[in-house]
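Values in this text are rule-based calculations from the coordinates and carry no lab data. Note that the coordinates shown come from a computational prediction; the quantities given were computed from them, not determined experimentally. Every residue, glycine among them, receives a Cβ derived from its backbone with ideal geometry; neighbour counts consider all protein chains shown.
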Amino acid sequence: MTLLVFCIGSNENAAANISRALKELESRFGRLRCSGVYRSAAVGFDRADFLNMAALAETGEAVPEVIAWLKRLELRLGRDPSKPRLSPRPIDIDVFVPGAADGAHGLLTVSHQEVLDSAFILCPLAEVLPDQKLDPGGPDFGELWTRFEKSRQPLTRVELD
């Protein structure tokens with residue numbers, strides 16, 4: 001079984017779209033372990049704030065198959081892949097495999113550097129996997145979040161409706 005972390009974000013009808021994504025993920029993978037939901041400013045463009053969270057699932061499926069399914073799910077939930085990377089989006093679902101080297105599964109959409117640089121990824125990871133190490137021999141997510149300079153990327157915990 002492979003542990004998958006789904007990094008879920010939205011800044012268009014965010015609460016509803018994240019809720020829809022979670023229902024779809026649960027219907028495929030069963031019960032998820034979820035972080036809280038966090039509001040953060042859009043990075044790289046001036047638009048509505050994002051809501052972000054992490055959800056964990058275990059699967060026996062091949063990771064590339066899961067990623068292909070996630071891309072189809074994003075399309076069903078209104079994501080337009082022709083829009084620029086730094087633009088508003090109804091849903092963004094990236095996948096991260098804890099303990100795997102960058103590129104180990106070919107198509108992973110969250111790099112180790114993005115985890116280290118992004119409060120909206122690292123905080124939810126530290127919440128659901130505080131003792132998991134990003135790299136063997138390195139600090140765990142809890143320690144990485146403790147060290148993170150939070151003032152440069154403020155987060156606010158919110159409740160979904």
**Report entry** Most to least packed among 22-28, 4-10 [average Cβ atoms within 10 Å]
**Finding:** 4-10, 22-28
Report summary line: Long-range alpha-carbon pairs in the chain, meaning those over 28 Å apart, account in percent for 14
Report task. Please give the length that would be gained between E114 and E12 if that part of the chain were fully extended, namely 0.36 nm times their separation in residues minus their C-alpha to C-alpha distance (nm, one decimal). Result -> 34.5 nm
Requested in this report: Report relative contact order for the chain in percent, whole number only (criteria: Cα-Cα under 8 Å, sequence separation at least 6).
Outcome: 30
Query raised in the report: Which whole-Hz ³J(HN,Hα) couplings does region 140-154 yield from phi under the Karplus relation 6.51 cos²θ - 1.76 cosθ + 1.60, θ = phi - 60°, glycine and proline marked x?
Result: 7, 4, x, 5, 4, 5, 4, 7, 5, 7, 5, 5, 7, 9, x
Query raised in the report: Which of these, A16, A55, A68, has the largest mean-square fluctuation under a Gaussian network model of the chain (Cα springs below 10 Å)?
Result: A68
Query - Simple label model, 7 Å out from Cα along Cβ direction - S87 to S19, nm - result: 2.7
Query - Packing-based ranking, highest mean first, of 120-126, 33-39, 152-158 given that Cβ atoms within 10 Å are counted - result: 120-126, 33-39, 152-158
Query raised in the report: Could you name the lysines in cross-link range of K23, using Cα to Cα under 18 Å and dropping any fewer than eight places away on the same chain?
Result: K71
Requested in this report: May I ask you to list, by number, the DSSP H helices of the chain whose Cα span along the axis is at least 15 Å and whose average Kyte-Doolittle hydropathy reaches -0.5 or more?
Outcome: 14-29, 63-76
